[in-house]
1. So, in the range 1-56, how many residues would count as being aliphatic (A, V, I, L, M) and either touching a Leu at 6+ places or on another chain (Cβ under 9 Å) or not in a helix (DSSP H, G or I) (or both)?
2. With a cut-off of at least 2 residues that are aromatic (F, W, Y), name the helices (runs of 4 or more DSSP H) lying wholly within the range 68-129.
3. From the set of residues in the range 1-35 that are in contact (Cβ under 8 Å) with a residue 40 or more places away in the chain and either under 27 Å from L77 (Cβ atoms) or of a type in the set (S, T, Y) (or both), which is surrounded by the most Cβ atoms within 10 Å (Cβ to Cβ)?
4. Can you tell which of K92, K101, K106, K86 is in contact (Cβ under 8 Å) with a residue 40 or more places away in the chain, charged (D, E, K, R) and over 30 Å from Y7 (Cα atoms)?
5. Can you work out which of the residues in the range 50-70 that are among the aliphatic types (A, V, I, L, M) and over 15 Å from V4 (Cβ atoms) is nearest to the chain's Cα centre (by Cα)?
6. Inside the range 36-59, can you point out the residues that are surrounded by 10 or more Cβ atoms within 10 Å (Cβ to Cβ) and under 18 Å from L73 (Cα atoms)?
Amino acid sequence: MIRVPMYKPGKEEATRIEFRSPDPACNPYLAFAVMLGAGLEGIENKYELPDPIEEDIYEMNPGERRAHGITDLPGNLYAAILEAEKSELVRKVLGEHVFNKFIENKKIEWDRYRTHVSQFEIERYLPTL
């Protein structure tokens with residue numbers, strides 16, 4: 001949630017931090033609960049922090065990212081739901097009831113999105129019928 005961008009040696013006074021808050025459309029209670037739970041688990045289990053990466057990750061090719069242990073986030077809501085469903089940490093932090101309802105509601109949201117016919121699709125494909 002906090003990022004320290006690269007700084008120039010000798011210009012340590014110009015070092016800054018960035019507060020990287022979650023998507024404003026999220027449920028802040030659930031998001032912050034899971035973030036705090038993840039942080040506490042890292043502290044309690046003494047998770048080792050990875051070395052900082054000083055290169056521009058955006059400019060890296062897939063092989064360079066893999067070499068640094070950088071993985072991609074889920075590419076869509078459905079992939080994110082599948083990842084969340086596998087997480088024992090999310091289940092533990094939210095509790096069984098909230099976790100199950102959250103996953104259920106996100107699957108409903110995905111299904112509504114997946115079955116929606118957009119204006120682009122109507123304009124692009126309807127004339128071919």
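1. So the count comes out to 12.
2. Correct list: 96-115, 119-125.
3. Top of the filtered list is V34.
4. Testing whether each residue is in contact (Cβ under 8 Å) with a residue 40 or more places away in the chain, charged (D, E, K, R) and over 30 Å from Y7 (Cα atoms) leaves just K92.
5. Here the answer is I70.
6. A38, I53, I57
Laboratory data are not the source of any read-out in this text; all were calculated from the coordinates shown. Since the model is a prediction, treat every value here as computed from it, not as a measurement. We place every Cβ from the backbone using ideal geometry, glycine too, and count neighbours over all the protein chains shown.
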